[in-house]
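The numbers here are math on the coordinates, done by the rules we state, and not lab data. Not measured: the values here are computed from a predicted model. Ideal geometry is used to build each Cβ from the backbone, glycine not excepted, and the neighbour counts take in all protein chains shown.
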């Protein structure tokens, strides 16, 4: 009996060790490990700036529409120019492009910090700097997404993408928490200065990478019609088209937390400016904590499927609805943890499915469309969600996001069934040929 119990314990321990080994497999790659460390530091600063920018706009205007507009301006260039950024990512060295984009993003943060510290900041300046950052992101985002593939290759891509999502959301815990302390003690400007300095970590890690270990794809030669070819490829490839449509729905109306959460804290739960800042930090941090758990679960999966993506979309929608129905900030924080769990799963699965389903010569352009749907669609959704939150109520803003995620789940379910039917039909058509070959 004792030996059986001991054997069972060993089996459980072995299974857990195997699962943990798979969960963090891509960190065994030198270049990705450096990238992971640099992003972990820089993204904390990014979330600090996100919170600081939202609070700055509310301080200057007290307007939910203005808050939605500045968020929209930050993502408008991604909507319109990300496809061009994807073409650049396919044509040039991704590592060199990242040196440029990360340096410019850091400089923009330092400029905003200086304007706030000197008292010279005006709303139009925030708009201009937000739009400028959006231009940088229109190149940076598709380049970063496809650079992950160069670092780890196709087999570990899903794991690496998910681990990257984990640090994005872990920084959602740390960044807002630090931002709340920094704003209370040092003021808003310190958030922007900290973010600007944090980009140094990314640049150092990029410089320390081993170029010989990057699995670079052959650069695409410049030619006419490459932008149009990217759109055509995405539309004619069913799984790519369906994933992008799902992401467009969710990206437009569901991922507007930089608008909905400050409004929920400011309008629904109210309080002093410092209490509102603390409430936003709690909600964002709770979402980040849930996202870390969701990321660890997703990273341990061996394959990204449409069925898993569909389940994540439905779970995401239900979780957002729970936030909308929460009677108090504590309940909202708990529900935001569930939101985080499904949100990271959804974003990581869309990213992985698209990259795995796309040829190397088109990967930059397809991931630019991912950036358009995930980030650029905010230019459409943020002002709408901001207007609804201010004039009808933040709970209704969240309800719209919940409905969009559920509709994305319906689309995913239809796509998964069509794909399964196509496979069954192909197998049925091949059966007579196989039987004849065996005969």
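Please find, in a Gaussian network model of the chain (springs between Cα atoms separated by less than 10 Å), the residue of 339, 104, 148 whose mean-square fluctuation is greatest.
Looking only at 339, 104, 148, the largest GNM fluctuation is found for 104.
Can you sort 375, 125, 151 so the residue with the fewest Cβ neighbours within 10 Å comes first? Don't jump to the answer; show the numbers that get you there.
Working: 375 21, 125 14, 151 24.
Exposure proxy ranking, most exposed first: 125, 375, 151.
In nanometres, what is the gap between the two model label sites at residue 293 and residue 403, each 7 Å from Cα along Cα-to-Cβ?
For residue 293 paired with residue 403, the spin-label model returns 3.0 nm.
Taking Cα atoms, how many degrees apart are the long axis of helix 226-236 and the longest axis of the chain, rounded to 10 and kept between 0 and 90?
Between helix and principal axis, roughly 60 degrees.
Okay, helix-only estimate at 222 nm for the chain: each DSSP H run of n ≥ 4 adds -39500 (n - 2.57), divide by all residues, round to 500 deg cm²/dmol; what do you get? Walk me through the numbers before you get to the answer.
Details: 16 runs with 362 residues, N = 439.
Mean residue ellipticity, 222 nm, calculated: -29000 deg cm²/dmol.
In 5 Å bins starting at zero, report the fraction of Cα pairs in region 205-344 per bin as a rounded %.
Result returned by the calculation: 2, 8, 13, 15, 13, 12, 12, 10, 7, 5, 2, 0.
Pulled fully out, how much extra length does the chain show between residue 185 and residue 111, if you take 0.36 nm times their separation in residues and subtract their Cα-Cα distance? All intermediate terms of the calculation are to be shown ahead of the outcome.
On the way: separation 74, 0.36 × 74 = 26.64 nm, distance 2.08 nm.
This chain segment gains 24.6 nm when fully extended.
Fewest first, what order do 144, 95 take by the number of other Cβ atoms within 10 Å?
Values: 144 22, 95 18.
So the residues, fewest neighbours to most, are 95, 144.
What do you get for the angle between helix 157-185 and the principal long axis of the chain? Use alpha-carbon atoms, 0 to 90 degrees, nearest ten.
For helix 157-185, the angle is close to 10 degrees.
Taking every pair of distinct Cα atoms and averaging 1/r, then inverting, what Kirkwood hydrodynamic radius in Å comes out for region 26-180? Don't skip to the answer; put the middle values down first.
Details: mean 1/r = 0.0602 Å⁻¹.
Taking every pair of different Cα atoms in region 26-180, averaging 1/r and inverting gives 16.6 Å.
By counting other Cβ atoms within 10 Å of each Cβ, how are 35, 233, 297 ranked from fewest to most?
Details: 35 25, 233 18, 297 14.
Lowest to highest Cβ neighbour count: 297, 233, 35.
What's the angle, to the nearest 10 degrees (0 to 90), between helix 273-299's Cα axis and the longest principal axis of the chain?
10
Going by Cα centres, region 226-283 and region 157-200 are how many Å apart?
18
Expected output is a single nm value to one decimal: the length gained when fully extending between residue 418 and residue 217, i.e. 0.36 nm times separation in residues minus the C-alpha distance. What is it? Could the numbers behind the result be given before it?
Details: separation 201, 0.36 × 201 = 72.36 nm, distance 3.18 nm.
Extra length available between residue 418 and residue 217 comes to 69.2 nm.
What FRET efficiency comes out for residue 387 versus residue 24 if R0 is 41 angstrom and r is the Cβ-Cβ distance? Round to the nearest 0.05. It would help to have the intermediate numbers written out before the result.
Values: r = 43 Å, r/R0 = 1.05.
Result of the calculation: an efficiency of 0.45.
Arrange the peptides 276-282, 358-364 so that the one whose residues have, on average, the most other Cβ atoms within 10 Å appears first. List each step's numbers first, then the result.
Numbers: 276-282: 22.4, 358-364: 19.9.
The packing order, highest mean first, is 276-282, 358-364.
Under 8 Å for C-alpha pairs, at least 6 residues apart: give me the relative contact order for the chain, rounded to a whole percent. Display every interim value, and only then the final one.
Numbers: 735 pairs, mean separation 122.2, N = 439.
After rounding, I find 28 percent.
Give, in nm to one decimal, the length gained when the segment between residue 60 and residue 200 is fully stretched (0.36 nm per residue of separation minus the Cα-Cα distance).
On the way: separation 140, 0.36 × 140 = 50.40 nm, distance 3.00 nm.
Taking residue 60 through residue 200 to full extension adds about 47.4 nm, to one decimal.
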